[in-house]
Amino acid sequence: MSGQINLDKFFLVLIVFLSIAEKFYMDADDMKIAGNGESAAKDALIAKIAGVVDAGGLITGSDVALRPEDWQGQGSCQALAVIRPQNTGQLSAVMKLCHDAGQSVVAEGGLTGLVQGVRPTSGDIVISFERMADIESIDAVGRTMVVQAGVPLQKAQEAAEAADLLYAVDLGARGSATIGGTISTNAGGNQVLRYGMTRENILGLEAVLADGTIVSSMNSLLKNNSGYDLKQLFIGAEGTLGLVTRAVLRLRPRPVSENTALLAVGDFASVVTLFGSMGQKLAGSLTAFEVMWGDHFALLTTETGRHVPPVPAGQPYYVIVEATGADHRRDNEHFVEILGEALEDGLIVDSAISTSKSQRQAIWDIREDIEGLAGVLKPLVMFDVSMPIREMEQYISVLRKNIADQWGDTARIIVFGHLGDGNLHIFISPPADDQATHHLLEEIVYAPLQSIGGSISAEHGIGLEKRAWLHLCRSEDELALMHGLKKTLDPKGLLNPGKIF
């Protein structure tokens, strides 16, 4: 009797198993058919795009993986294809095809960002602006320059200098960063204190929307108050609202004088007082006020020997002060006089004033040697935050304590930044390189910013890395409006999907 029951159970289990197996294979067949259909649709889209761009405008297959994934040249690009348009018209035609097919795209510049802001998936198409790198015109009288999005920042700077003018946005990655990338991230850099962020240096731009519509707002006027300032929609939007293709840059008179000094400072209160004094006495000529905490300076000079220290290491703070003006002799005398007063007042412990371009560059090389830091600090997690200057000392003190409480002396912290505009770069080398450690570090760095009015991103954007923390510095109403703008301009969510939100 019990054997009969067991036999019945066996057949029942067998029937259930066969039913599940049949469903599994049917689903697998359906998935295979769907997969084949999707693959055919992708192939058809690529074929249509090939008819829009020339032979050099389309990269597919294994050649895609030959392209680097980040600014260090590491990894390989994972994308369905890479499109390299030659002009705005080609990009517009490509975007119309992608929009009709529901194909996502990621715009790529110089890969110098630090927040995975242009990282594609294997299903995305990458739009590269490397073949749209022309400087179209310079108006020396109106002080404007029209450029394509793929122009490297340094190329624009050099073209302005050749016209005896200045494009004031400047940063360490100037040789690789593109104008389109700096616009899309609203890049800051070394001269924000005097000239402002990228936003303050763009008069007009042109962008292609998700459906291929070309929005040309190439204003070249300093004053233009005729309705909405549409360019602001795309500056700092990280390629999520439209793809910037061309821009009108605002140029400034090129300074005649350039005075730079490296100052050793004994305490943070003196750093703050020095900043106020320099700002007042140098008036509008103060261009940069950069601060390196002592461990940053020591690491790149005495510890690694990568740079000769212009002043001895051992002080808690090192400040780079730079002023530019229109009278070489008078500006230099005034600069030296002011620093002498600061020394007499006890605000600085030691100083080194550059007397040549090579000496100036040697000072800045210490500040900009990110590769040197990355080579020593392994693993490395990098943060770019901003806050009121009055909060910096306490914030860093608490940060160091929290890191020490968590990992003791097995974690290392390096701090430096554009203190004059409230921006700090924090490099942390933890004992482990895993997702849990990264998340804990993010919580330690970002959480305190909310109560002091800080920002989780000063100049690199949100990308993938910071989107989970965006609510700390933007209100619910702000986020709702941002979502609304995204839905209006890109209802299918095709532009740089997953970034910011």
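Since every read-out is calculated from the coordinates, none of them should be taken as a lab result. Predicted model, so just to flag it, every value in this text is computed and none were measured. Note: ideal-geometry Cβ built from the backbone for every residue, glycine included; neighbour counts use all protein chains shown.
Data for the structure
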item	result
Whole-angstrom gap from the stretch 303-365 to the stretch 183-262, using each part's C-alpha centre	31
Rough spin-label spacing in nm, given labels placed 7 Å along Cα→Cβ, for Leu221 and Asp327	3.6
Calculated FRET value between Glu130 and Leu472, using beta carbons and R₀ = 35 Å, to 0.05	0.50
Global form of the stretch 135-253, assessed from the alpha-carbon gyration tensor, a/c cut-off 1.5	prolate
Dipole of the chain, positive direction: furthest Cα of Val336, Pro312, Ala411, with charges on the beta-carbon	Val336
Volume per residue of the C-alpha convex hull in the stretch 283-341, rounded to whole Å³	106
Helix 88-101 axis, angle to the chain major axis (alpha carbon atoms, nearest 10°)	30
Other-chain or far-sequence residues with amide H under 5 Å of Leu205's (modelled H)	Ser217, Met218, Asn219, Val248
For the stretch 135-253: relative contact order, % (alpha-carbon pairs under 8 angstrom, 6 or more apart)	32
Calculated FRET efficiency for the pair Gln406/Thr121, C-beta based, R₀ 25 Å, to 0.05	0.15
Backbone HN-Hα couplings from phi across the stretch 232-238 [Karplus 6.51/-1.76/1.60, Hz, Gly and Pro as x]	5, 5, 9, 6, x, 8, 6
Electrostatic dipole magnitude of the chain [Cβ: Lys, Arg +1; Asp, Glu -1; Cα centre; debye, to 20]	920
Three-way shape label, the stretch 352-501, alpha-carbon gyration tensor, a/c 1.5	prolate
Most to least packed among 245-252, 405-412 [average Cβ atoms within 10 Å]	245-252, 405-412
Relative contact order, percent, the chain [alpha-carbon distance under 8 Å, six or more residues apart]	14
Cα radius of gyration and Dmax for the chain (Å)	27.0, 112
For the stretch 280-291, 3J(HN,Hα) per residue [Karplus equation, 6.51 cos²θ - 1.76 cosθ + 1.60, θ = phi - 60°, Hz, x = Gly/Pro]	6, 6, 8, 6, x, 8, 5, 9, 9, 9, 9, 10
Folded to 0 to 90 degrees: helix 357-368 orientation relative to the chain principal axis, Cα	40
Rounded tilt (10° steps) of 435-446 against the dominant C-alpha axis of the chain	40
Tensor-based shape of the stretch 257-371 (alpha-carbon gyration tensor, a/c under 1.5 rounded, otherwise prolate or oblate)	oblate
The chain - share of DSSP beta bridges that are antiparallel (%, nearest 5)	85
The stretch 402-463 - percent relative contact order, Cα under 8 Å, separation 6 or more	24
Cross-link reach list, lysines versus Lys96, counting only Cα pairs under 27 Å and skipping chain neighbours closer than eight places	Lys42, Lys48, Lys231, Lys486, Lys487, Lys492, Lys499
Over the stretch 173-325: Kirkwood hydrodynamic radius from C-alpha pairwise inverse distances, Å	18.2
